Amino acid sequence: DAGITQSPRHKVTETGTPVTLRCHQTENHRYMYWYRQDPGHGLRLIHYSYGVKDTDKGEVSDGYSVSRSKTEDFLLTLESATSSQTSVYFCAISAGGGEGSKQFFGPGTRLTVL
Amino acid sequence: AQKITQTQPGMFVQEKEAVTLDCTYDTSDQSYGLFWYKQPSSGEMIFLIYQGSYDEQNATEGRYSLNFQKARKSANLVISASQLGDSAMYFCALDSNDYKLSFGAGTTVTVRA
């Protein structure tokens, strides 16, 4: 199994509070991703990174920011959580290129915003 | 814009039978990749199979095969000899050569004994 961990695994917070989710990999893969999963929508890309300090937006980036200061860590921050951000968040990694672009996923973080 | 369409929200299949999950995609790129993932009730995302747009043969991985029809822009997953452990949600995904995946909404498969 790919070495990907996410923390925390579960979090309950209140509207308006900041939240940071952490993704850690031991595979030294270049690409890292944050997705959210909601019923009926599959997985939707929030942000991704193609190297240290190199990040870009996905299709549902509003209300989220990311940082990657080391190859192994990719942080997702909700600056001011809203109830619409209640979701399951997945981190993924890939080496990039052809079949190498297949992504390996972390176990997910279930976030509830009250 | 949604690039992947999975039209079957849920399917039932008898144990030991084969099941086909539909996936159509939309891209203007000539080079792209198609993926299938499995998500059991425990929640993890498991990579199943990959098909590159230039691959001449359909991909196979054990009991999984991908029926790739490029002209129709379809990449259906076939699971042969279904097992109870195949009960899960299955997602089709497209990489339009930009290292990002677009996922379909998924198909839930329930295998009956």
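The values are calculated or read from the model by the stated rules, or taken from the named source; none is laboratory data. These numbers were taken from a predicted model, which means no experiment stands behind them. All Cβ positions, glycine included, derive from the backbone under ideal geometry; neighbour counts span all protein chains shown. Accessible surface areas use protein heavy atoms only, side chains included; no ligands, DNA or RNA. Shrake-Rupley method; radii C 1.70, N 1.55, O 1.52, S 1.80 Å.
Interface size between chain B and chain A, please: total buried accessible area, 1.4 Å probe, rounded to the nearest 100 Å². List each step's numbers first, then the result.
On the way: alone 6270 and 6050 Å², together 10760 Å².
Summing both chains' loss of accessible area gives about 1600 Å².
Rolling a 1.4 Å probe over the protein heavy atoms of the protein assembly as shown, with every protein chain left in place, gives an accessible area that is 46 percent carbon and sulfur. Compactness of the stretch A:36-106 was expressed as the Cα radius of gyration divided by 2.2 N^0.38 Å, which yields 1.14.
Which entries in A:70/B:38; A:11/A:57; A:53/B:70; A:11/B:38 show an alpha-carbon gap greater than 32 Å? Listed pairs above 32 Å: A:53/B:70.
As a length-normalised measure over Cα pairs under 8 Å and 6 or more apart, the relative contact order of chain B settles at 38 percent.
Where only protein heavy atoms count, and the probe is 1.4 Å, what is the accessible area per residue for the stretch A:31-114 in Å²? Write down the numbers at each step before the final one.
On the way: 3320 Å² over 84 residues.
That works out to 40 Å² per residue.
For the protein assembly as shown, DSSP calls about 90 percent of its internal beta bridges antiparallel.
The local environment of residue B:87, defined by Cβ-Cβ distances under 15 Å, has a net charge of 0 under the rule Lys, Arg +1 and Asp, Glu -1.
Database remark: amide H of residue A:81 closer than 5 angstrom to the amide H of A:16, A:17, A:19 (H placed geometrically; neighbours at sequence offset of 5 or more, or on other chains; Pro and chain starts carry no H). What the phi angles of the stretch A:6-18 give under the Karplus curve with 6.51, -1.76 and 1.60, with θ = phi - 60°, is a coupling list of 10, 9, x, 8, 9, 8, 10, 9, 10, 3, x, 8, x Hz, glycine and proline written as x. Stokes-Einstein diffusion of the protein assembly as shown at 20 °C, 1.002 mPa s viscosity, Kirkwood radius from Cα pairs, rounded to a whole number: 119 µm²/s.
Reported value for chain B: 97 Å³ per residue, from the convex hull of its C-alpha atoms.
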